[in-house]
Amino acid sequence: GGGMMGGMMGGGGMMGGGGMMGGGGAGMAGGGMNQSSLKTAGNAALAVSMMQKASKLSLAPAPPPPKIVKDPELAKFASKLKLKNPTPGAWLAMFQQMCDQLSTAVVVSDMKTPGIPVVYANQAASDLTGYPPDQMVNRNCRFLQGRRTEGAAVRTMTSSIRSAKAVTVKVTNYKKDGTEFQLVLALHPVHDSAGEYRYVIGLQADAATFKAESANFEKVKSVLPSKFDAAAQPAKFTEELKKVDNEAQRKQWAESIQKFTRLVWSMDWDTTLKQFMDEQQALQAFYGYLSKTSPNEALQLEMCMNAKQLEAMPEEQAAAAAIQMCANYLGIQAASGEAALGSLNTQVEQSMTALALEALPKFVQSKACIPILEKMLEGSDDNMKRADDLLWADYKVPDDVAGWLHSFVSVAMTYPACIVISDMTIPGNPMCFVNSEFCRVTGYDLREVQGRNCRFLQGPRTEPQSVAVIQDTLRRGADCHVKITNYRKSGELFENLLTMRPVHDSNGVYRYCIGVQFEITPNDPKLKSRLAKLDKLIQLLPKTFDVSSQAVGMTHKRDEPEAEKGNTEARIMAALEGAKSVYSEETLEDGDFYADHYKEHLEHCSKVAQVGHAISHAAPEKKPGQQSGGGGKPGLAPKKSTGLGLFASPRVAPKA
């Protein structure tokens, strides 16, 4: 339900799908600490220690112990409700001790952990839902949803959580035994003294008995704490952990450029193969790889290599050599040199096309290609070139990912496929990058979409079952391939085959998600070849990247069952046909669940246009010492790629 890192109740949407985190629990994902250990410890240090043992991955040192301070809001909470004063300790532990004494159901969710998992639920919440407290902790509250959960209520909760504004809503939920009930839910944001949005407190009551409970419910709600001293509950992870020196950024940049050069090659495999034919070292490495893995294709490449040498020979010598090559490679006896050259050229053209389609992509993805990449980039400038002008203007690029991110967006901006990157560590999972092709397909300007969640592509006919697939896979950190109906800025519908690739850092922290959008149009004669190119692009997208920093967040294990692994092409085709048998998420009944997302975004675009008009005569301020990675002026859609035809779908408007 929600959308803000999945929200309290899930929802949202990457490329029109599920809230980027979709409501899941990426950070803790349903495992780890139990309720009693949290209540006993009451601080982040033990939580980090337990997660470290469980994951066996590199974690940052535990934060400093909480400072024992007098909290006036907690004192007021205890006094007004006549509660026993808690044992001095961490803020959350003290709040939990007081809530344990309440007859009103209380849950607390952590806004700083991806997925916004529940970190505390009192016994009253357990009695209300039927779930023991330890079965509620580390899960997003969306598990209480079901088929009849109202979309309008979920949208209200989503908006409340994203904007950190208190709200009370009535929503259909489901108890552990499957019983449907109407839940009265009050959401209350809590910040620390540093201004960080730390928790959301949820008060719950059964609507059937709410009349009798309302007075006590409202009394508790009126004295809920809204702020606490940051020292009383130190954050598990701080921005300081992301700081690395310039040398580490330079090294990451250089390594990433090597990897993303493969992505550049994949833009046009035919052109790349022709370039390889002029690079002796690359050609020999490719031939050596094929000799070991596919002798028949090695023979085809050998023929192409020898045929290329004919271009440098005198005419008579070339004719004689062509006749001999026809006999050796084609098994035919040519009547003349001219006929031999004609037959040979035809076969070479076919072989080059076949090699570019299958053999070359496999070689480029293999370890055998690494020495060639290193050699070809040898001597090039390995100083990091920033691409701030391609990123969301308000986005602060973390130092420990700067080399990776700047190199990737420099390549992706003009890539002939819709590519977006969302930051999975920021509430709401905003897109920090969208490329030119995304703007072309959706009709939006860069400044209208940067910093937003992709849910604005949703509309009345967006399929809830597709959103459920997106929510489920993103929460687990697994690849997603799904067909979904989205909306352009003009309101025109289009069918979108969406692929999402979660990206973790080398410490196991869930950092980004790369989305690739593939527009589907009726009766597309090039669909098969476009899908083949999409398959090869997906195989080149990174799943991890190296960082020199310590862990900057909770580690997250990629949860991908065997049924979802294997042949990417087969999974793409299954998604194209609408197969969703792999996924078991229940879907919302409300068919108009996503109608407001598109409407809300048009209002946002109108505001952006007004701001843009107001500053249109102001000269843009360049950042000191900034080196541009290229790609157009901030706020404007950059020039389109010249290789657009590789992935671009014919613009045939589908019927609404």
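The values are calculated or read from the model by the stated rules, or taken from the named source; none is laboratory data. A quick note: this is a predicted structure, and the numbers were derived from the prediction, not measured. Reconstructed Cβ throughout: ideal geometry from the backbone, glycine too, with neighbour counts over all protein chains shown. The accessibility values were calculated without ligands, DNA or RNA, using every heavy atom of the protein model including side chains. Shrake-Rupley method; radii C 1.70, N 1.55, O 1.52, S 1.80 Å.
How about region 268-288: which of its residues are open to solvent by 50 Å² or more (accessible area, probe 1.4 Å) and within 16 Å of LYS375 (Cβ to Cβ)?
Taking region 268-288 as the starting set, the residues that turn out to be open to solvent by 50 Å² or more (accessible area, probe 1.4 Å) are 268, 270-271, 274-275, 278-281, 284, 287.
GLN275, ASP278, GLU279, GLN280, GLN281, GLN284, TYR287 - these are the residues of region 268-288 that are open to solvent by 50 Å² or more (accessible area, probe 1.4 Å) and within 16 Å of LYS375 (Cβ to Cβ).
All of (1) within 20 Å of MET573 (Cα to Cα); (2) out of contact with any Phe, Trp or Tyr (no Cβ under 8 Å at 6 or more places or on another chain) hold for VAL467 with one exception: (2). Contact map, region 155-166: residues that are farther than 10 Å from LEU187 by Cβ and in contact (Cβ under 8 Å) with a residue 24 or more places away in the chain paired with residues that are of a type outside the set (Asp, Glu) and not in a helix (DSSP H, G or I), Cβ distance under 6 Å, separation 6+ or inter-chain. Pairs shown: THR158/GLY2; THR158/GLY3; THR158/GLY7; THR158/GLY11; ARG162/MET4; ARG162/GLY428. Taking the criterion of being closer than 26 Å to GLN233 by Cα and out of contact with any Ser or Thr (no Cβ under 7 Å at 6 or more places or on another chain), the residues of region 119-133 that qualify are TYR120, ALA121, ASN122, GLN123, ALA125, SER126. Can you confirm whether region 80-91 contains a residue that is out of contact with any Gly (no Cβ under 8 Å at 6 or more places or on another chain) and open to solvent by less than 10 Å² (accessible area, probe 1.4 Å)? Taking every residue of region 80-91 in turn, at least one turns out to be out of contact with any Gly (no Cβ under 8 Å at 6 or more places or on another chain) and open to solvent by less than 10 Å² (accessible area, probe 1.4 Å).
GLN350 falls short on exactly one of the conditions (1) open to solvent by 10 Å² or more (accessible area, probe 1.4 Å); (2) touching a residue at least 12 places away in the same chain (Cβ under 8 Å), and that condition is (2). Residues that are assigned to a loop (DSSP other than H, G, I, E, B) and either aromatic (Phe, Trp, Tyr) or modelled with pLDDT of 95 or more (or both) within region 111-138 comprise ASN122, GLY130, TYR131, PRO132, listed in sequence order.
The condition of being farther than 25 Å from ASN216 by Cα, at pLDDT below 85 and in a loop (DSSP other than H, G, I, E, B) holds for only one of LYS53, LYS67, that being LYS67.
Tell me, yes or no, whether region 104-113 has at least one residue that is more than 17 Å from ALA186 (Cα to Cα), touching a residue at least 40 places away in the same chain (Cβ under 8 Å), in contact with a helix residue (DSSP H, G or I) (Cβ under 9 Å, 6 or more places away or on another chain) and not polar (S, T, N, Q). Walk me through it before giving the result.
Quick first cut of region 104-113, residues more than 17 Å from ALA186 (Cα to Cα) only: 112-113.
Filter once more, keeping what is touching a residue at least 40 places away in the same chain (Cβ under 8 Å): 112-113.
Okay, now just the ones that are also in contact with a helix residue (DSSP H, G or I) (Cβ under 9 Å, 6 or more places away or on another chain), so none.
Looking through region 104-113, none of the residues is more than 17 Å from ALA186 (Cα to Cα), touching a residue at least 40 places away in the same chain (Cβ under 8 Å), in contact with a helix residue (DSSP H, G or I) (Cβ under 9 Å, 6 or more places away or on another chain) and not polar (S, T, N, Q).
Tallying residues that are farther than 24 Å from ASP535 by Cα and buried (at least 20 other Cβ atoms within 10 Å of the Cβ) within region 289-299 yields 0. Contact map, region 229-254: residues that are over 16 Å from ALA551 (Cα atoms) paired with residues that are part of a helix (DSSP H, G or I) and open to solvent by 30 Å² or more (accessible area, probe 1.4 Å), Cβ distance under 8 Å, separation 6+ or inter-chain. Pairs shown: GLN249/ASP399. Please work out if PRO502 is open to solvent by 20 Å² or more (accessible area, probe 1.4 Å) and either over 24 Å from ASN138 (Cα atoms) or at pLDDT 90 or above (or both). Answer is no for this residue.
Name the single residue, out of those in region 78-93 being in a helix (DSSP H, G or I) and either closer than 16 Å to VAL200 by Cα or free of Cβ contacts under 8 Å to residues at least 40 places away in the same chain (or both), that is farthest from the chain's Cα centre (by Cα). Outline the logic, then answer.
Here is the first cut: in region 78-93, the ones in a helix (DSSP H, G or I) are 78-80, 91-93.
If we keep only those that are either closer than 16 Å to VAL200 by Cα or free of Cβ contacts under 8 Å to residues at least 40 places away in the same chain (or both) as well, we get 78-79, 91-93.
Values: ALA78: 42, SER79: 45, TRP91: 33, LEU92: 30, ALA93: 33 Å.
Only one residue tops the list, namely SER79.
Going residue by residue through region 194-207, is there one that turns out to be without any contact (Cβ under 8 Å) to a residue 24 or more places away in the chain, open to solvent by 10 Å² or more (accessible area, probe 1.4 Å), within 14 Å of LEU128 (Cβ to Cβ) and outside any loop (DSSP other than H, G, I, E, B)? Within region 194-207, none of the residues are without any contact (Cβ under 8 Å) to a residue 24 or more places away in the chain, open to solvent by 10 Å² or more (accessible area, probe 1.4 Å), within 14 Å of LEU128 (Cβ to Cβ) and outside any loop (DSSP other than H, G, I, E, B). Which condition does TYR415 not pass, out of (1) open to solvent by 10 Å² or more (accessible area, probe 1.4 Å); (2) within 30 Å of GLY288 (Cβ to Cβ); (3) aromatic (Phe, Trp, Tyr), if it passes all the others? Of everything listed in (1) open to solvent by 10 Å² or more (accessible area, probe 1.4 Å); (2) within 30 Å of GLY288 (Cβ to Cβ); (3) aromatic (Phe, Trp, Tyr), TYR415 misses just condition (1).
Restricted to region 539-569, and to residues that are of a type in the set (Gly, Ala, Ser) and modelled with pLDDT of 80 or more, which residue is most open to solvent (accessible area, probe 1.4 Å)? Residue satisfying both the conditions and the ranking: SER548.
Test ALA307 against the stated conditions and say whether it is surrounded by 14 or more Cβ atoms within 10 Å (Cβ to Cβ), touching a residue at least 12 places away in the same chain (Cβ under 8 Å), within 34 Å of the chain's Cα centre (by Cα) and farther than 26 Å from LEU531 by Cα. Against the criterion (surrounded by 14 or more Cβ atoms within 10 Å (Cβ to Cβ), touching a residue at least 12 places away in the same chain (Cβ under 8 Å), within 34 Å of the chain's Cα centre (by Cα) and farther than 26 Å from LEU531 by Cα), ALA307 does not qualify.
Every condition in (1) at pLDDT 60 or above; (2) assigned to a helix (DSSP H, G or I) is met by LEU102 except one, and the failing one is (2).
Within region 525-541, track down each residue that is of a type in the set (D, E, K, R) and assigned to a helix (DSSP H, G or I). First the steps, then the outcome.
Taking region 525-541 first, the residues of a type in the set (D, E, K, R) are 526, 528, 530, 533, 535-536.
Across region 525-541, the qualifying residues are LYS528, ARG530, LYS533, ASP535, LYS536.
Taken together, PHE237, PHE276, PHE286, PHE260 contain a single residue that is assigned to a loop (DSSP other than H, G, I, E, B) and out of contact with any Lys or Arg (no Cβ under 7 Å at 6 or more places or on another chain), which is PHE237. Residues of region 472-496 that are within 25 Å of ASN140 (Cβ to Cβ), hydrophobic (A, V, I, L, M, F, W, C) and open to solvent by 10 Å² or more (accessible area, probe 1.4 Å): none at all.
Return yes or no: is LYS112 more than 29 Å from PRO464 (Cα to Cα) and among the basic types (Lys, Arg)? So that I can check it myself, show each step before the final result.
Values: more than 29 Å from PRO464 (Cα to Cα): no; among the basic types (Lys, Arg): yes.
So LYS112 does not fit the description; no.
The set of residues in region 442-471 that are among the acidic types (Asp, Glu), touching a residue at least 60 places away in the same chain (Cβ under 8 Å) and open to solvent by 20 Å² or more (accessible area, probe 1.4 Å) contains only ASP445.
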